[in-house]
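Everything below concerns the one structure shown next.
The values are calculated or read from the model by the stated rules, or taken from the named source; none is laboratory data. Predicted model, so just to flag it, every value in this text is computed and none were measured. All Cβ positions, even for glycine, are placed from backbone atoms using ideal geometry, and neighbour counts span all protein chains on display.
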Amino acid sequence: MRLHFVVEGHTEETFVNDLLRPELGANGIYCDAHRVTTGRRGGKLYRGGMASFQHLRNDLDFWMKQDARPDSWYTTMVDLYGLPSDFPGFTESRGIPDPIKKVQFLEEQLISNLTHQRFVPYIQLHEFEALLFSDPQAFSIAFPSVTTELTGLHAIRSRFKTPEHIDEGAETSPSKRICKLLPQYDKPLYGPVIAKHVGLTKLRAECHHFDGWLKKLEAAA
């Protein structure tokens, strides 16, 4: 099975390559990751971020046509936080208070929009940094001298049912909470390193929606 990831940015691309590719490869799933193409100017491609759903749709359409072999599958890794307002079902989803049900609804809308039989969508609750709250102690691998800040991260985690329930407020999303305690946190630099230190076993145990996505991919293989 060949699996093409269309991801939101550099951090997710590194995460797929460093953590998911070895794990899925052991199950016969051969992966590659591609950042969303957001523009073309002067013969140069710009990738990363997603200001419009059409960027994601264009890339998925391109890869689905480029590699239409029956053993080729497709998936996404984009954040719920900051999801563009033209995303399928976006307006309706605003009325769904439960974040798990909200993201499941949006993924179903994405399936309906693309109508491809070998597509498994994934929207991250609420952004990549939520995964890091699976084990706040893992931040010590990037910030070995901090102590009070780690206590603060543990306190944040304890207030939520799961890391995936840490919300999408403009000042209270996972990354904003981390940056308030650790202003030196840089997502592309530290995010994948911390996630790797947490490990996939812990990530899957703590983040049930994330685990459900990987189970679907493994079942497809």
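Give the stretch 128-160 a look and list any residue that's within 22 Å of the chain's Cα centre (by Cα) and touching a residue at least 40 places away in the same chain (Cβ under 8 Å), or say none.
Phe128, Glu129, Ala130, Leu131, Leu132, Phe133, Ser134, Asp135, Ala138, Phe139, Ile141, Ala142, listed by residue number.
For residues that are in contact with a strand residue (DSSP E or B) (Cβ under 8 Å, 6 or more places away or on another chain) and surrounded by fewer than 16 Cβ atoms within 10 Å (Cβ to Cβ), tally how many sit in the stretch 120-152.
0
Can you confirm whether Val36 is under 16 Å from Ile123 (Cα atoms), crowded, with 17+ Cβ neighbours inside 10 Å and either more than 20 Å from the chain's Cα centre (by Cα) or modelled with pLDDT of 95 or more (or both)?
No, not satisfied.
Can you name the condition, by its number, that Ile96 falls short on among (1) part of a loop (DSSP other than H, G, I, E, B); (2) surrounded by 13 or more Cβ atoms within 10 Å (Cβ to Cβ); (3) in contact (Cβ under 8 Å) with a residue 12 or more places away in the chain?
Exception for Ile96: condition (3).
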